[in-house]
Amino acid sequence: MAEQYPHDQPDARQPDVVVFSPELLKMADAHRQRRQYLEECRQAADSGDCAAAVQMGVNYLYGTGGVQRDTNQAFYWFSQSAPDDPVGLYWQAVCYDSGAGVETDEKKAFSLFQESADMDYAPAICDLGVCYENGQGTEKDMDKAVALYKKAAEMGYPQGQCNLGALYYAGIGVEKDYTAAAHYFTLAAEQRLPRAQYFLGLCYEFGSGVEEDVNKAILLYTEAARGRSADGLCALGVMYFLGKGVEEDAAKAADLFRQAGEEGLARGWNLLGHCYDDGNGVEESPEKAAQCYHKAAEGGFPDGLFHLGMCYIYGHGVAQSDEKAVACLRRAAEAGHPRAVCQLGLCYESGRGVPEDIHRAAELYEQAARMGSPEAQCNLGVLYRYGQGVEKDRTKAAELFRQAAEQEFPRAQFFLGLHYEDGIGVEKDLVRAAELYAKAAEQDYPDGVRALGVCYENGTGVEKDAQRAVELYRRAIDLGDTFAAYCLGNMLYSGQDIPRDYAQALALYEKAAADGHPGAQCQAGYCHERGLGCEKDMDKAFSYYSKSAENDDEVGINNLGTCYEHGMGCTADPAHAARLYEKAGSMGMPVAWKNLALLYERGLGVEKDAQQAQKYFALAARENVPGAAEGLERLSGQPAAKRFPATSLRITGVFLLGLAAFLGIGLWDGIPSERLFSGVFTLFFIASSVFILCKVNQRQPQLPKPLRILYIVLGALLVLAGILVLLSLPGSGEPITAEDYWLVGCALLGGGALLYRAMGKKNKA
């Protein structure tokens, strides 16, 4: 007998009673209705109902109506419609166009669109226009595309209205007309076409064809986003990112970019990549940024390809690969991305991922420069400045720098400043140069900050301000500029305008030296050699001089030669010293010629050779190197030729200008002749005294011929004037005064000094 259970207790062997909610009952009922509808639709289609067959095809194409997506079934049902059914023909064309359930065949798709359009089916008319616009299955014909879009638009088809508006907006196939574009976008947006809502939002955001209204733009972008318009999602994301018309919300922006990417918009992935790069609205992640750029690149988005290429260049979020970088950049360049073209040029210039080819680099820079890329304009300008890959043309270089500088590109502003400072390719303008350096400095361009510091240090184009120079140098150092550390070190070393501090100067020299600055390496060596700011250390001095010499610094090479000559910090090697002196001298270091001459004179490291010694002493003497002239005299017995001192030329110029001004003013004011002659003679006396104090003797170099003739003429006139005045005094009837003797003395003394200087013997080297 089976076990009995009391009626007042639940049966443990039976499941709990399930109580269905009204919502669940509604869902179940809807499911039954869909299944019933689907079955009825299938039966109708099987009986030859074209509309039902098309509906079955749409259900399977999009996975709606209670069935799973199946493109093969979709095409089957579309093909069951009657041959003269425009809707069925249209959907068959869609399948051939997209490869849904059948192999892609653009020509077949075009033919089917044409058949359906001939039956005045608006969607087919619109898509036939797309074929003509893009050249799909037929030759591209914008006139036919415009005509078809107009026809579809007149029939009230929103997609046709939107496509026609897009042509007017971009000025493709028709004259650009924002008003007409906004009109057609409005018609389509009123039918809630998301794409049209997005375009109309653009019109309101930028006031194109309608009055600018950011709030309307936000509403339209929002509606487009609700309709899952990828462009609408992206545009709304940008508004939240910028805080334009809405409160700034980087997190919401990033989410909208993600949704746009998931809807198939490559630009959305690209923008999300930027968010991950900078940590805007999401946690910073180079890896995720690279992944987003990769998705954008897969969608063929040029900027995504460019940024993915840059990730590969620097190993940012991906394994570094120059070859992969070049592949991405090349694809982006072929798509017309200016920065990609420029970066590809840099790869050819540096030989990264491609064989080094400066000429190909110049071609790519030229291409990108024509596209308006400031980076390319600047890079091409540098090539023209130095004649690399192109014929040197500094005027053209300055023009390219100007074009890039006008786009606020700091590197170009710096280079254009150099051209104005040196008067290369443009008229010299120190004030303009300083202004350009200041503009570059405003953007924290290190070279610009340092160059502006140099201007303030020397009072070039600006009022001299040592403290301002120090501030700029320190700022440039913080930005990583090695040269600035060297410049500030020089200020502290010299103690000019600021307190001298050898220790700080040495620290800055060593900082710049560590980054490979040859001048700083040489100066650091000198400080260690002399014990300036540190204890004397010839080992360190030798090390720094060696590094400086390796970087072809002529001073460092000469100083290294001195180390080898005397065995300072190394084993003495006069022969190596001789080679170093010769190299430094050939690089423009005149003291090295004197050092080499001494080696030849003494026969140290080289065979003793008085003739060679004389040769190198003469080279040094021409540059007024101390001791060189004496060495030459010691070997040849003849005084050395020197360059005519610039000081003498300046004194002469000032003297002549002063004389001319005095005579002009005197004649204009009607100064009495006695006072005029008195002033003239006084000026000549002063000039004569200056020349006498300048050691006018046999060791002074011979005057240039024009200046020598001038001295002879002036001296002769003065001596003659003095004699005439002296002869006229007894017969003048006036008492002879001290002033008279003063005038005569000035004339004779000044004239004699000028003649003595002009008639000096010619010196031989």
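Scan region 613-629 and give yes if some residue there is among the basic types (Lys, Arg), part of a helix (DSSP H, G or I) and surrounded by 15 or more Cβ atoms within 10 Å (Cβ to Cβ), otherwise no. Yes, some residue in region 613-629 is among the basic types (Lys, Arg), part of a helix (DSSP H, G or I) and surrounded by 15 or more Cβ atoms within 10 Å (Cβ to Cβ). Criterion applied to 430, 436 was being within 24 Å of residue 370 (Cα to Cα) and among the hydrophobic types (A, V, I, L, M, F, W, C), and the one residue passing it is 436.
Residue 376 meets each of the listed conditions (1) surrounded by 24 or more Cβ atoms within 10 Å (Cβ to Cβ); (2) more than 20 Å from residue 407 (Cα to Cα); (3) in contact (Cβ under 8 Å) with a residue 24 or more places away in the chain apart from (2). When region 451-490 is examined, which residues are found to be out of contact with any Lys or Arg (no Cβ under 9 Å at 6 or more places or on another chain), in a helix (DSSP H, G or I) and farther than 19 Å from residue 414 by Cβ? Hits for region 451-490 are 466, 467, 470, 490.
I need a count of the residues in region 187-225 that are surrounded by 22 or more Cβ atoms within 10 Å (Cβ to Cβ), more than 21 Å from residue 164 (Cα to Cα) and among the basic types (Lys, Arg). Qualifying residue count, region 187-225: 0. The residues on offer are 96, 76, and the sole one that is closer than 28 Å to residue 149 by Cα and assigned to a helix (DSSP H, G or I) is 96. Do we have residue 95 as on the phi < 0 side of the Ramachandran plot, crowded, with 19+ Cβ neighbours inside 10 Å, at pLDDT below 90 and of a type outside the set (A, V, I, L, M) here? For residue 95, the condition - on the phi < 0 side of the Ramachandran plot, crowded, with 19+ Cβ neighbours inside 10 Å, at pLDDT below 90 and of a type outside the set (A, V, I, L, M) - is not met. Report whether or not residue 97 is within 22 Å of residue 76 (Cβ to Cβ) and under 49 Å from the mean Cα position of the chain (by Cα). Considered against the rule, which asks whether it is within 22 Å of residue 76 (Cβ to Cβ) and under 49 Å from the mean Cα position of the chain (by Cα), residue 97 comes out as yes.
Evaluated against (1) part of a helix (DSSP H, G or I); (2) over 22 Å from residue 492 (Cβ atoms), residue 424 falls short on exactly one condition, (1).
Of the set (1) surrounded by 11 or more Cβ atoms within 10 Å (Cβ to Cβ); (2) modelled with pLDDT of 55 or more; (3) not in a helix (DSSP H, G or I), all apply to residue 83 but (1).
For residue 329, the conditions (1) out of contact with any Cys (no Cβ under 8 Å at 6 or more places or on another chain); (2) aliphatic (A, V, I, L, M); (3) farther than 21 Å from residue 443 by Cβ are fulfilled apart from (1). Residues that are of a type in the set (Asp, Glu) and outside any helix (DSSP H, G or I) were ranked within region 99-114; the one that is farthest from residue 148 (Cα to Cα) is 103. With respect to the conditions (1) on the phi < 0 side of the Ramachandran plot; (2) surrounded by fewer than 22 Cβ atoms within 10 Å (Cβ to Cβ), residue 444 lacks only one, and its number is (1).
The rows are residues; the columns are (1) farther than 24 Å from residue 585 by Cα; (2) more than 38 Å from the chain's Cα centre (by Cα); (3) charged (D, E, K, R).
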residue	(1), (2), (3)
512	yes, no, no
521	no, no, no
524	no, no, no
527	no, no, no
534	yes, yes, no
538	no, yes, no
549	no, no, no
563	no, yes, no
568	no, yes, no
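Let's see how each residue does on (1) closer than 23 Å to residue 104 by Cβ; (2) modelled with pLDDT under 85; (3) touching an Asp or Glu at 6+ places or on another chain (Cβ under 6 Å); (4) assigned to a helix (DSSP H, G or I):
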{"residue": "27", "(1), (2), (3), (4)": "no, yes, no, yes"}
{"residue": "34", "(1), (2), (3), (4)": "no, yes, no, yes"}
{"residue": "38", "(1), (2), (3), (4)": "no, yes, no, yes"}
{"residue": "45", "(1), (2), (3), (4)": "no, no, no, yes"}
{"residue": "58", "(1), (2), (3), (4)": "yes, no, no, yes"}
{"residue": "66", "(1), (2), (3), (4)": "no, yes, no, no"}
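Scanning region 183-213 for residues that are not in a helix (DSSP H, G or I) and not aliphatic (A, V, I, L, M) gives 190, 191, 192, 207, 208, 209, 211, 212, 213. Tell me which residues, restricted to region 110-133, are farther than 19 Å from residue 143 by Cα and surrounded by 24 or more Cβ atoms within 10 Å (Cβ to Cβ). Of everything in region 110-133, those that are farther than 19 Å from residue 143 by Cα and surrounded by 24 or more Cβ atoms within 10 Å (Cβ to Cβ) turn out to be 112, 116. Touching a Phe, Trp or Tyr at 6+ places or on another chain (Cβ under 9 Å) and within 21 Å of residue 338 (Cα to Cα), is that true of residue 396? The answer is yes for residue 396.
Considering region 491-504, the residues that are touching a Leu at 6+ places or on another chain (Cβ under 6 Å) and part of a helix (DSSP H, G or I) include one that is farthest from residue 534 (Cα to Cα), namely 504.
Would you point out the residue of region 58-87, among those that are charged (D, E, K, R) and over 15 Å from residue 99 (Cβ atoms), that is farthest from the chain's Cα centre (by Cα)? Ranking the candidates gives 84 first.
Yes/no per residue for (1) in contact with a Leu (Cβ under 8 Å, 6 or more places away or on another chain); (2) more than 30 Å from residue 187 (Cα to Cα); (3) touching a residue at least 12 places away in the same chain (Cβ under 8 Å):
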| site | (1), (2), (3) |
| --- | --- |
| 51 | no, no, yes |
| 68 | no, yes, no |
| 71 | yes, yes, yes |
| 77 | no, yes, yes |
| 81 | yes, yes, yes |
| 87 | no, no, yes |
| 100 | yes, yes, yes |
| 148 | yes, no, yes |
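Taking helices (runs of 4 or more DSSP H) as the structural unit, no element lying wholly within region 235-352 holds at least 3 residues that are touching a residue at least 12 places away in the same chain (Cβ under 8 Å), polar (S, T, N, Q) and under 30 Å from residue 369 (Cβ atoms). Listed conditions (1) among the small types (Gly, Ala, Ser); (2) closer than 21 Å to residue 548 by Cβ; (3) outside any loop (DSSP other than H, G, I, E, B) are all met by residue 588, apart from (3).
The values are calculated or read from the model by the stated rules, or taken from the named source; none is laboratory data. These numbers were taken from a predicted model, which means no experiment stands behind them. Cβ: placed from backbone, ideal geometry, glycine included. Neighbour counts: every protein chain shown.
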